[in-house]
Structures are given as structure tokens and as C-alpha cells.
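In what follows, a structure is listed as C-alpha cells, so that the remarks can point back to it.
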Amino acid sequence: MRIRKKPWAEKYIQDHGDYIVTDPKKWLGKWQQRFAKQQPLNVEVGIGKGRFIIETAKLHPEINYIGIELQTSVIATALRTFMDNPLPNVQFVLTDGANLDELFYKNEVQKIFLNFSDPWPKKRHAKRRLTSPLFLKTYQTVLADDGNIEFKTDNRGLFEYTLVTMNNFPMTFEYVSLDLHQSPENESNVETEYEQKFSPKGPIYKLIAHFITEQPGD
């Protein structure tokens with residue numbers, strides 16, 4: 001989807017460098033220095049307008065959150081919303097989320113959120129899906145042994161693809177829902193802007209999964 005360029009975005013980002021990073025590789029191994037406290041680190045890849053990460057961080061001040069977004073205009077919009085009430089446990093990063101292993105150390109991240117990622121429906125584009133084996137390998141590197149991935153989508157095809165790729169990787173599923181908003185977990189569900197808009201048109205699918213780690217003697 002083409003994003004309309006916002007002429008104010010770049011300067012806004014420059015003016016709020018305490019909360020947004022544009023040179024993330026320089027912070028490899030030093031992310032905790034950008035937060036008020038050293039706490040477990042969760043990452044959202046593709047933050048949209050920022051509602052999910054902001055509201056989730058409010059609910060969990062005991063966790064630090066990094067929101068990654070590639071589009072300058074998109075992350076600037078999220079940042080502007082955030083600056084209405086800044087939180088000490090949130091940082092934004094303007095970069096491509098494809099290579100998390102170049103941004104974080106091994107086992108540094110406790111949880112990765114993938115919310116309503118681009119489904120890339122054409123078969124020849126499958127490797128671009130954020131739950132393709134190539135991406136899963138990267139997530140496995142940066143996630144702690146007891147860490148997990150939370151994935152939400154309204155695209156049935158992408159959800160089925162994700163179930164297969166994660167199962168084959170292999171990963172273990174902690175939770176799978178074919179209709180999140182009709183499940184008990186919806187009581188604690190934090191909606192994204194996209195989710196609020198499109199959930200009336202069909203079910204929201206969700207899963208939580210973790211990588212299978214080899215035990216001594218395996």
C-alpha cells in the first residue's frame with residue numbers, strides 16, 4: 001500500500017530523538033540505556049499508527065517496548081500520538097524489521113509482536129511474509145529461550161501459512177484462535193487501529209508460539 005508522504009515527518013522525528021532511533025545498529029547491545037529502567041524487552045515489528053504498542057506499554061510498565069516501522073510518515077504519526085503522553089518504557093525505531101539479528105543480541109528479546117502484517121498473497125512473494133522460514137530464523141536468534149511470538153491477522157490465507165511454517169520450523173503453539181474477538185482472551189486484547197476498523201468485516205485470527213529448544217542430551 002502506498003503511504004502518503006507527510007512533509008512534517010522528518011523534522012518531527014529529528015526533534016524527538018530521545019524517543020526515536022534512526023541509526024539502530026549503533027545501539028546494538030545498548031538498548032536498555034534508552035529506557036528509564038532495565039526491564040524485559042518486547043518488540044513490535046510494524047507498528048502502524050502506534051495504538052497497540054502505546055496502550056500495551058501503559059498496561060505493562062514493568063516491560064520495555066521497542067516499536068519498529070519502515071515508513072517515515074507512519075512512524076512519525078505514531079510518535080506524534082505518543083508525545084501527547086510519553087512513556088518511559090517505549091522507544092521507536094525507524095528501520096526495516098527484516099534483520100532483527102543485526103539490531104539485537106542473541107536472546108535479548110522476550111516477545112515479538114506481529115500485528116496485521118502485509119500478507120503478500122502472491123506465491124512468488126512468500127519469502128517476504130514476516131512469518132516465512134527466513135524471518136522465523138531471525139526471530140529465533142534474538143528471542144530468549146522462553147520468549148514467544150504473538151501474531152494477529154484478519155487474513156485467513158496468511159494465518160494458515162503461518163501455522164504451517166511455524167509447525168514445520170518447528171515451533172510449539174501456546175494459543176490458537178480462529179475468532180479472537182469471540183474468545184475469552186478478547187477481554188485483555190489490545191486492538192490496533194487496523195483491527196478496530198476491519199474486525200466487523202470478519203474474524204481476527206491469533207496465535208502465540210515459541211521455538212522448540214534442544215535440551216541437553218537431545
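The values are calculated or read from the model by the stated rules, or taken from the named source; none is laboratory data. Source: prediction; values computed, not measured. Quick reminder, even Gly has a Cβ in these numbers, built from the backbone with ideal geometry, and neighbours come from all protein chains shown.
So, in the range 114-151, exactly how many residues are farther than 14 Å from T162 by Cα and part of a loop (DSSP other than H, G, I, E, B)?
Residues in the range 114-151 being farther than 14 Å from T162 by Cα and part of a loop (DSSP other than H, G, I, E, B): 1 in total.
Which one of these does I13 not meet: (1) surrounded by 20 or more Cβ atoms within 10 Å (Cβ to Cβ); (2) under 26 Å from E195 (Cβ atoms); (3) within 19 Å of the chain's Cα centre (by Cα); (4) among the hydrophobic types (A, V, I, L, M, F, W, C)?
Of the numbered conditions (1) surrounded by 20 or more Cβ atoms within 10 Å (Cβ to Cβ); (2) under 26 Å from E195 (Cβ atoms); (3) within 19 Å of the chain's Cα centre (by Cα); (4) among the hydrophobic types (A, V, I, L, M, F, W, C), the odd one out for I13 is (3).
Show the residue pairs meeting these rules: Cβ distance below 6 Å; 6+ apart or different chains; first residue within the range 136-150 and surrounded by fewer than 19 Cβ atoms within 10 Å (Cβ to Cβ); second residue basic (K, R) and at pLDDT 95 or above.
Final answer for the pair search is T141/K106.
When only residues in the range 38-58 that are of a type in the set (V, I, T) and not in a loop (DSSP other than H, G, I, E, B) count, which is nearest to S117 (Cα to Cα)?
So, considering only residues that are of a type in the set (V, I, T) and not in a loop (DSSP other than H, G, I, E, B), the one nearest to S117 (Cα to Cα) is V45.
Looking for whichever is within 20 Å of W27 (Cβ to Cβ) and within 12 Å of the chain's Cα centre (by Cα) here; the options are G97, G147. Which one fits?
Residue meeting the stated conditions: G97.
Being within 12 Å of F92 (Cα to Cα) and in a loop (DSSP other than H, G, I, E, B) is the filter here; which residues of the range 1-37 pass it?
H16, G17, D18, Y19, T22, D23, F35
Going through V21, V43 one at a time, which residue ends up being within 17 Å of the chain's Cα centre (by Cα), closer than 29 Å to L180 by Cα, of a type in the set (A, V, I, L, M, F, W, C) and modelled with pLDDT of 95 or more?
Unique residue meeting the criteria: V43.
Please work out which residue is farthest from G157 (Cα to Cα), limiting yourself to the range 184-208 and to residues that are assigned to a helix (DSSP H, G or I) and within 17 Å of the chain's Cα centre (by Cα).
Ranking the qualifying residues of the range 184-208, first place goes to E193.
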